[in-house]
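Asker: Let me begin by handing over the structure; questions about it come next.
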Amino acid sequence: MREWQRVQNGAHSGPAIQPQAGVPLAPLTTLGVGGPARWFVRATTADAVAAADRWARDESLPMFVLGGGSNLVIADAGFDGLVVQIAIGGIEIGQQGAETVFHVGAGELWDDVVAAAVARGLAGLECLSGIPGSVGGTPVQNVGAYGQEVSDTIREVTVFDRAAVRVTTLSGDECGFAYRTSRFKGNDAGRFVICDVRFALRSGPPTVTYPDLVAMFAGRSPGSVTLHEVREAVLAIRRRKGMVVDESDPDTRSVGSFFMNPIVTAEVHARLAAAAGSAAPGFPTGDGRVKIPAAWLIERAGFARGHRRGRAGVSSKHPLALVNLGGATSRDVLALAVEIKRRVSDRFGMALRPEPAFVGFDHDPDVAYLTEA
Ligand SMILES: Cc1cc2nc3c(=O)[nH]c(=O)nc-3n(C[C@H](O)[C@H](O)[C@H](O)COP(=O)(O)OP(=O)(O)OC[C@H]3O[C@@H](n4cnc5c(N)ncnc54)[C@H](O)[C@@H]3O)c2cc1C
């Protein structure tokens, strides 16, 4: 990680940018599908983000913000506007009372931050080990796994606000975090460019609440499990499921989970068991509702691991990951996703919602169907 790069409030000043024309986007994503960006630029400072925003306005072009590309489906036609890849680096670690604050540039690799926290004996991020992508991507869908979400530790986010044309700071409470979403993905999608994030961490024991982790440490006294052991356990579980990006493993050529786990009322959960003809798994969310594993719905709807449809398929390691088997187009992936959503809906009356962002699809019927509730 590089030294902290100071973010300045430079909405009206700053460097001129020189976007490149026709840059392929597929290689910048984990799914590896889609066409080029009409214009592309990397922004290493908030000033450069402001300059890119100004450039896109001057050219009357839409702008898309790219992080690590691990949660994106890019249209085969590409993106007819300016793609700004956020490459703002830097990490600064300071103490505030009992908390250690990590102030991290949005372009840093997420897993490097998790590793740095664990190495310092700081709890709060260990269950989020192995998730690909950038730090700036994590608040967008309130990244979560194995019993932790980034909203548990995010103290503040510095953003370039494209509506107000200035750099500002949002507290964690102002980010509108909920299960796999936030205001950055919801009502204010496209408005804010995340430039840096402050995480507040504490020394303490790891979180071992998720069933897979509890099973892994069964027989150990709760206080004896270390942060390092939990990180290694999470990485091992994720590798088994194809959820750690590995260039040599086509099962990881995905966006991770393609669909979110539906959260339903207890009545809907009971009806689901009747439709399935057996007890349906579900995890109480604490507000009287139940989270149902989308993977279970998909398998029960008839999509086995390894199912193929042309050059797209269901991962052989996890039914929730749709993979590019090699040479797939985004249309191949969408056709498979639509088939899955339709069959789950017919069988269980439940509308799966996709997790990734769809880029460059204007008025596309498949995307409209996938994103409707
Ligand atoms: C193998 C695999 C496993 C995964 N496992 C998990 C998991 O366990 N839990 C989980 O929650 N996710 C998981 N994901 C999804 C993904 O890794 C995360 O959502 C990640 O945080 C996305 O970050 P990114 O930088 O790659 O964002 P991108 O994919 O580049 O972008 C995703 C969205 O965020 C926006 N965005 C990105 N950076 C910024 C920024 N700086 N400012 C404003 N908007 C921005 C983009 O515009 C886009 O809308 C997984 C993905 C893969 C491929």
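Every read-out reported here was derived from the displayed coordinates using simple, explicitly stated rules and does not represent laboratory data. What you see is a predicted model; the values in this text were computed from it and never measured. Cβ placement follows ideal geometry from the backbone for every residue including glycine, while neighbour counts extend to all protein chains displayed.
Asker: I need the shape label for segment 1-150. Rule: rounded when a/c is under 1.5, else prolate if a/b > b/c, else oblate, with a, b, c from the alpha carbon gyration tensor.
Answerer: Note, shape of segment 1-150 comes out oblate.
Asker: Using a Gaussian network model of the chain whose springs link C-alpha atoms within less than 10 Å, name the residue from Val140, Val264, Val104 with the highest mean-square fluctuation.
Answerer: Top of the fluctuation ranking is Val264.
Asker: Defining a contact as two alpha carbons under 8 Å apart and six or more residues distant in sequence, what relative contact order in percent does the chain show? Don't jump to the answer; show the numbers that get you there.
Answerer: On the way: 827 pairs, mean separation 58.1, N = 373.
Across the chain, relative contact order equals 16 percent.
Asker: Expressed as a rounded percentage, what relative contact order does segment 20-86 have, with Cα pairs under 8 Å and six or more residues apart?
Answerer: For segment 20-86, the relative contact order is 44 percent.
Asker: Would you kindly derive the ³J(HN,Hα) couplings of segment 140-152 from the backbone phi angles with the Karplus curve 6.51 cos²θ - 1.76 cosθ + 1.60 (θ = phi - 60°), listing them in order in whole Hz, with x for Gly and Pro?
Answerer: With coefficients 6.51, -1.76 and 1.60, one gets 4, 10, 6, 3, x, 5, 6, x, 10, 10, 5, 4, 5 Hz.
Asker: Is the C-alpha gyration tensor of segment 250-371 telling us rounded, prolate or oblate? Criteria: a/c under 1.5 is rounded; beyond that, a/b larger than b/c is prolate, otherwise oblate.
Answerer: The shape class here is prolate.
Asker: Take the alpha carbon gyration tensor of the chain, find the square roots of its eigenvalues, order them as a ≥ b ≥ c, and report rounded if a/c is under 1.5; if not, report prolate when a/b exceeds b/c, else oblate.
Answerer: Taking the square roots of the gyration eigenvalues as a ≥ b ≥ c, the chain is oblate.
Asker: Moving to a separate point now. With springs only between Cα atoms under 10 Å, which of Met63, Met350, Met216 fluctuates most in a Gaussian network model of the chain?
Answerer: Met216
Asker: On a straight-distance basis, which lysines could pair with Lys317 in a cross-link, Cα separation under 22 angstrom, same-chain partners fewer than 8 positions away excluded?
Answerer: Lys241, Lys291, Lys341
Asker: May I ask you to sort Thr209, Thr45 by Cβ crowding, counting other Cβ atoms within 10 Å and putting the fewest first?
Answerer: The fewest-first ordering by Cβ neighbours comes to Thr209, Thr45.
Asker: Among Ala200, Ala236, Ala266, which one shows the highest mean-square fluctuation when the chain is modelled as a Gaussian network with alpha-carbon springs under 10 Å?
Answerer: Its mean-square fluctuation being the largest, the pick is Ala266.
Asker: What's the extension gain from Gln20 to Gln96 if we count 0.36 nm per residue and subtract their Cα-Cα distance? Could the numbers behind the result be given before it?
Answerer: Details: separation 76, 0.36 × 76 = 27.36 nm, distance 4.24 nm.
Difference between extended and current length: 23.1 nm.
Asker: If you average the sequence gap of Cα pairs under 8 Å that are 6 or more apart and divide by the length of segment 91-240, what percent do you get for the contact order? Working shown, then result.
Answerer: Working: 283 pairs, mean separation 43.9, N = 150.
Relative contact order, segment 91-240: 29 percent.
Asker: Once the Cα gyration tensor of segment 91-240 is diagonalised, what are the square roots of 5 times its eigenvalues, in whole Å and ordered largest first, as equivalent ellipsoid semi-axes? Write down the numbers at each step before the final one.
Answerer: Values: eigenvalues 162, 53, 31 Å².
Output for segment 91-240: semi-axes of 28, 16, 12 Å.
Asker: I'd like the Karplus ³J(HN,Hα) series for segment 253-267: coefficients 6.51, -1.76, 1.60, θ = phi - 60°, whole numbers in Hz, and an x wherever there's a Gly or Pro.
Answerer: Result, rounded to whole Hz: 7, 8, 10, x, 5, 7, 10, 7, 6, x, 10, 10, 6, 4, 5.
Asker: Further question on the same structure: Taking DSSP loops as anything outside H, G, I, E and B, show the longest stretch in the chain free of trypsin sites (Lys or Arg not before Pro) there with at most 14 other beta carbons within 10 Å.
Answerer: 221-373
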